[in-house]
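**Student:** This is the structure I have questions about; it appears just below.
Values in this text are rule-based calculations from the coordinates and carry no lab data. None of the values given here were measured: they were computed from a predicted structure. Using ideal geometry, Cβ is built from the backbone for each residue, glycine included, and neighbour counts are taken over all protein chains shown.
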Amino acid sequence: MTRTATRIARLAMVGSVTLLTAMPSLAATANNPIQGWSAMKDVDTATLLRDVQTMPVSAESTEDQPYCAADAEIAATLEHDFNELPVDTTNADGTKLWGSEQMGTWTLVAARDDQTSCIIASGIGFDDQADTQAYYEVAGL
């Protein structure tokens with residue numbers, strides 16, 4: 001496998017494991033509280049957003065970092081693997097909220113100047129009727 005394909009496979013596996021872990025709690029109640037986490041352990045989402053422009057794309061990364069790839073690749077992965085679609089694309093800080101009513105998942109994606117993006121936060125408890133600001137708040141933005 002190429003390095004890019006390996007990273008995509010890892011992202012899909014991590015997302016699948018996270019989703020499988022979350023499924024029992026998603027099924028337990030219809031009104032799930034919004035829960036979320038930063039894309040990098042021990043680094044808050046606001047710091048990731050601040051540093052996202054200087055991170056290499058994941059295929060060229062030599063250290064642990066959020067998943068960064070071409071905008072089309074990020075979009076295809078979120079749509080295919082999590083059934084997520086763009087929900088809020090007008091946030092002033094350059095982030096886009098993606099969500100799936102079907103899966104109950106959400107993802108914050110930070111756009112970069114080079115037509116790539118990075119996943120900086122994700123979570124469960126997505127409801128398309130909820131105020132989108134709630135997801136940004138849970139993510140720490």
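**Student:** Taking R0 as 22 Å, what's the FRET efficiency between Thr47 and Asn83 from their Cβ-Cβ distance, rounded to 0.05? Don't skip to the answer; put the middle values down first.
**Tutor:** On the way: r = 29 Å, r/R0 = 1.32.
Calculated value: 0.15.
**Student:** If packing is taken as the average count of other Cβ atoms within 10 Å, what order do 44-50, 103-109 fall into, highest mean first? Working shown, then result.
**Tutor:** Details: 44-50: 17.9, 103-109: 25.3.
Highest to lowest by the protection proxy: 103-109, 44-50.
**Student:** Let me ask another. Sorted by average packing, counted as other Cβ atoms within 10 angstrom per residue and highest first, what order do 69-75, 94-100 take? Before the final figure, lay out the partial values.
**Tutor:** Working: 69-75: 17.4, 94-100: 21.7.
Descending mean neighbour count gives 94-100, 69-75.
**Student:** Once phi is turned into ³J(HN,Hα) by the Karplus curve 6.51 cos²θ - 1.76 cosθ + 1.60 with θ = phi - 60°, what whole-Hz value does each residue of the range 119-130 show in order, with x for glycine and proline?
**Tutor:** Rounded to whole hertz, the list is 7, 10, 7, 7, x, 10, x, 6, 9, 5, 8, 6.
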